[in-house]
Each structure stands twice: as C-alpha cells, then as structure tokens.
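The values are calculated or read from the model by the stated rules, or taken from the named source; none is laboratory data. Since the model is a prediction, treat every value here as computed from it, not as a measurement. Virtual Cβ from ideal backbone geometry, glycine too; neighbours counted across all protein chains shown. Quick note on the areas: whole protein, heavy atoms, side chains included, nothing else; ligands and nucleic acids left out. Shrake-Rupley method; radii C 1.70, N 1.55, O 1.52, S 1.80 Å.
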Amino acid sequence: MKLLCPICNEELKKTDRQFVCPNRHSFDIARQGYVNLLTVQQKHSLAPGDTREQVLSRRAFLENDSYAPIVEAVKSAAAGHAGPILDVGCGEGYYAVRVAEFLGAELTGLDISKEAVRCAAAKYKGHRWLCGTAAHLPIADGSVGVLMSMFALTMPQEFRRVLREDGIFIQVLAAQDHLMGLKSIIYPEILLKDKDSVPTLEGFELVQSTPVRFAFTVEGEQIGNLLSMTPHFWRISAEGAKRLKATETLTDTASCVVNVYRPI
C-alpha cells in the first residue's frame, strides 16, 4: 500500500527513520513505530481524537473480549477477500489486528488521535500505524483490498478512491438500541432518535448487512472503561457520572450492524 504526502500528494518513500516525498517533505517515524501524517491545516484542535485515558480504557475493555462477537462478525464479512487492509479510525488496533491475522494480510491502521496510534504501534509490531484524517487519506488510489471503519467516521468519496475495484468496505455502526443499559444509568431520560444503520453510500453498492446483538456483563472499573470508549464520555453530566460510579455490576446489550459494500 503506497503512502502519499499529505502536503503535496506525491508518493512517500521510506528511509531509515523517515518517509520522504520528491518535494522533500519529510515525516519522522516515531520511536514506537507510528508516523504522524496529520498536518497542522488538517487539525481542528491541538490534540484531536481520543485522549490517552480513553485509549487505555478502550484497550482494557476490548482485551477482556466482551466485544468478541463483533470481531467474529467482521472476520466473517472479510472472509475470502485479500488485503491489504486499511482500518480508518483504528483506535488502539484491537479489531484490525485480529482481522489481519485471520486473513494473513498486510495492515495499515489510521486514526486522527496520536495517542491511539502510539498505543497501537507500541503493542502491535509489524503493522503500519498512521496518524491522519479520514477526510484526506494519505493513501494512493486503488491500493486497498479491505477497508474497515469500526464505529467511526465514513467518508465515501475518499474510501472509494483508495479501494481497489475488487475491494470491499466493511462498516460497523451502532444500532438504535446499543448500550441501553449504560444509557439508562447516565441519562435521566433516553430520547430515541431515528438512526440509519444501513446508509446508502455514493460510489458503493451494499452487498450484505448483518445485525449483531449480544448481552455482556462488566464489573468495577470496566464499567468506566466502557463509558470512556463511547460518545457518552463527552456528554455525561455530573449526576450521571455519580450514578455510574455507584454501579458495581452492569449487564448490557451490544447492538450493531456490520455492513459490507463494494465499489461501483
């Protein structure tokens, strides 16, 4: 999978400790092994994306395998397809690494959070980890075999550009009834909004859509870890946080949809 310079869009070539383009824009390979290709112009804040606290909480929760059924559903969706894999919004790498191992495929993970890719690179050696934005993927046209987006932003035009003609896009979106147990604790009232879990995407044709729904139980600090990896982390009130802190055991239901698209 060829990388492109985020400044001039020319191909990046790897040297000993850098990626350099023909126009001499250079990007260092960090000690942990990731490359920061997120330019200042592409940032909307000083440190966009998840914080280190959120990243570590997500790792602690996911590595307990409470969400293992989602991994298995994505493996099933990817079965029979060839890499390389690009996971956009890869977080700390839990999903992408397991799918890459299943397919025996080359993996590139990209996230706007530098803390996320730093964490991924430090643990999962032998894969490529990039800090970048889904709105301007530093990836060459038609170079991706399997593109993944796990509970993350979908940018149809960019995703279509980087996918091969025989590639697939696997999208995982939360369903309307996802984590209702958590919501019932942290919010005084749950307002259900219409949610399109199987969106129509320009440049793509839907191949299949598979609902995934299962119960799980978490205790102690894993309850807080669950909150940290959801958008509710940013919305919870002081009263909601107090109620959640007093919760010792939480049995909840994960509900999502695994959509598979092919480019047209």
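Computed from the C-beta positions of residue 202 and residue 40, the FRET efficiency with R₀ = 35 Å rounds to 0.75. The fraction of accessible area contributed by carbon and sulfur in the chain is 50 percent, rounded to a whole number (1.4 Å probe; ligands and nucleic acids excluded). Can you give the % of DSSP beta bridges in the stretch 109-264 that are antiparallel, to the nearest 5? Bridges in the stretch 109-264 are about 70 percent antiparallel.
Descending by average beta-carbon neighbour count within 10 Å, the peptides 223-229, 90-96 line up as 90-96, 223-229, the highest first. Rounded to the nearest 5, the antiparallel percentage of DSSP beta bridges internal to the chain is 60%.
For the stretch 17-33, the Karplus equation 6.51 cos²θ - 1.76 cosθ + 1.60, evaluated at θ = phi - 60°, returns couplings of 10, 8, 10, 10, 9, x, 8, 6, 6, 10, 9, 6, 8, 5, 4, 6, x Hz by residue, with Gly and Pro reported as x. Relative contact order, whole percent, for the chain stands at 20, derived from Cα pairs under 8 Å and 6 or more residues apart.
Only protein heavy atoms count here; on that basis, with a 1.4 Å probe, residue 99 has an accessible area of about 0 Å².
In order along the stretch 212-223, the phi-based Karplus estimate (6.51 cos²θ - 1.76 cosθ + 1.60, θ = phi - 60°) of 3J(HN,Hα) comes to 10, 9, 7, 8, 8, 10, 10, 9, x, 5, 5, 5 Hz; Gly and Pro are listed as x.
Ranked by the mean number of other Cβ atoms within 10 Å of their residues, highest first, the peptides 166-172, 19-25 fall in the order 166-172, 19-25. If you plug the beta carbon distance of residue 9 and residue 164 into 1/(1 + (r/R0)^6) with R0 = 22 Å, you get a FRET efficiency near 0.70.
If you take all other residues with their beta carbon under 11 Å from the beta carbon of residue 139, and give Lys and Arg +1 and Asp and Glu -1, the sum is 0.
The angle between the Cα long axis of helix 52-62 and the longest principal axis of the Cα atoms of the chain comes to about 70 degrees, rounded to the nearest 10.
Straight-distance candidates among the lysines for linking to residue 183, with alpha-carbon spacing under 22 Å and chain neighbours fewer than 8 residues away dropped: 193, 195, 242, 245. Site pair residue 238 and residue 18 shows an inter-label distance of 5.1 nm when each label is modelled 7 Å from Cα along Cα→Cβ.
Of the trypsin sites (Lys or Arg not before Pro) found in the stretch 80-142, the ones in coil according to DSSP and having at most 16 other Cβ atoms within 10 Å of their Cβ are 125. A full extension of the chain between residue 249 and residue 176 corresponds to an added length of 24.0 nm, given 0.36 nm per residue minus the alpha carbon distance. Non-local lysine pairs in the stretch 1-155, meaning eight or more places apart or on different chains, with alpha-carbon distances under 25 Å, amount to 20.
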